[in-house]
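Peer 1: Got a structure for you, questions after.
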Amino acid sequence: MRMILLGPPGVGKGTQARFLMEKLGALQLSTGDLLRAAVRDGTELGKRAKGYMDQGELVPDDVILGLIRETLVELGDKPVIFDGFPRTVPQAEGLDRLLAELGGGVDRVLELTVDDEEVVRRLSARRCCPKDGAVYNLLYNPPRADSVCDRCGGPLIQRDDDKPEVIRHRLAVYHQQTEPLSDYYRGAGLLVRVNGDGTVDEVRRRVEDALA
Ligand code: AMP
């Protein structure tokens, strides 16, 4: 089983992916998380990716496809939920080729939708723990103590690319480069669309109904 979560930054892909992981017994494969780990570890990949990420630009397709190939070969035929990948038509085509090689294909694509103003509102309020990866939102899911991680007690930060001017650029990139994937997967008969407005639980119920 291989599922793709599509949708703008901040729509809740990561949050819903975590519910789906439990439900489907799948692994979440977030290219954003893999890249941030590479930047933190100072690897060659991280050095190549950092400048693009800080500016809200996409990391080049060949870099991303190399990373995905490596990860999928490692995972074998374990069920996977792709979160934040593919982000361009060449990435989607590359994934199709890779899966044809490894056996199987994409089974389902879930697109979460929300309007741009809501994205800016949500992402401006997002805070992360750089140590254990926990994600909070000052509007919907605040930490118990101000600016401190509930799990490890470390200080929370705002991602550089969650600053309002970078968010707007990421949205423009999304509309231009990622939105065409909606048609790509609709054409393949794989697309299911779900409204991403509302609380985490409301969206989770909609997702479950749509996939039932
Ligand atoms: P995310 O956490 O998914 O919002 O990703 C954060 C940043 O990582 C993006 O703004 C891009 O710079 C980069 N990134 C993540 N996934 C991809 C991808 N599939 N293709 C290109 N760049 C990506």
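The values are calculated or read from the model by the stated rules, or taken from the named source; none is laboratory data. Remember, predicted model here, so these are calculated numbers, not experimental data. In this analysis, Cβ positions are derived from the backbone assuming ideal geometry, glycine residues included, and neighbour counts consider all displayed protein chains.
Peer 1: Considering only helices (runs of 4 or more DSSP H) fully contained in the range 114-212, which possess at least 3 residues that are within 18 Å of the chain's Cα centre (by Cα) and within 16 Å of P8 (Cβ to Cβ)?
Peer 2: The qualifying helices (runs of 4 or more DSSP H) are 116-124, 164-173, 180-187.
Peer 1: Another question, then. Output the residues belonging to the range 21-37 that are small (G, A, S) and more than 16 Å from the chain's Cα centre (by Cα).
Peer 2: Across the range 21-37, the qualifying residue is only G25.
Peer 1: Can you tell me how many residues in the range 2-39 are assigned to a helix (DSSP H, G or I), within 13 Å of the ligand (Cβ to nearest atom) and out of contact with any Phe, Trp or Tyr (no Cβ under 6 Å at 6 or more places or on another chain)?
Peer 2: 12
Peer 1: Here is a follow-up. Exactly one condition in (1) more than 22 Å from R122 (Cβ to Cβ); (2) in a helix (DSSP H, G or I); (3) touching a Ser or Thr at 6+ places or on another chain (Cβ under 7 Å) is not met by G46; state its number.
Peer 2: (3)
Peer 1: Among the residues of the range 180-196, write down those that are of a type in the set (D, E, K, R) and surrounded by 15 or more Cβ atoms within 10 Å (Cβ to Cβ).
Peer 2: R193
Peer 1: Take the residues in the range 69-91 that are modelled with pLDDT under 95 and part of a helix (DSSP H, G or I); name whichever of them is surrounded by the most Cβ atoms within 10 Å (Cβ to Cβ).
Peer 2: Here the answer is L72.
Peer 1: Give the residue, chosen from L102, L123, L98, that is among the hydrophobic types (A, V, I, L, M, F, W, C) and buried (at least 19 other Cβ atoms within 10 Å of the Cβ).
Peer 2: Among L102, L123, L98, only L123 is among the hydrophobic types (A, V, I, L, M, F, W, C) and buried (at least 19 other Cβ atoms within 10 Å of the Cβ).
Peer 1: Which residues, counting only those in the range 25-59, are touching a residue at least 12 places away in the same chain (Cβ under 8 Å), surrounded by fewer than 16 Cβ atoms within 10 Å (Cβ to Cβ) and not charged (D, E, K, R)?
Peer 2: The answer is G25, L27, Q55.
Peer 1: In the range 137-152, is there at least one residue being in contact (Cβ under 8 Å) with a residue 24 or more places away in the chain and either of a type in the set (D, E) or surrounded by 17 or more Cβ atoms within 10 Å (Cβ to Cβ) (or both)?
Peer 2: Checking the range 137-152: not a single residue is in contact (Cβ under 8 Å) with a residue 24 or more places away in the chain and either of a type in the set (D, E) or surrounded by 17 or more Cβ atoms within 10 Å (Cβ to Cβ) (or both).
Peer 1: Here's a follow-up. State whether one or more residues within the range 158-177 are under 17 Å from F19 (Cα atoms) and loosely packed, with under 15 Cβ neighbours inside 10 Å.
Peer 2: So far as the range 158-177 goes, no, none of its residues is under 17 Å from F19 (Cα atoms) and loosely packed, with under 15 Cβ neighbours inside 10 Å.
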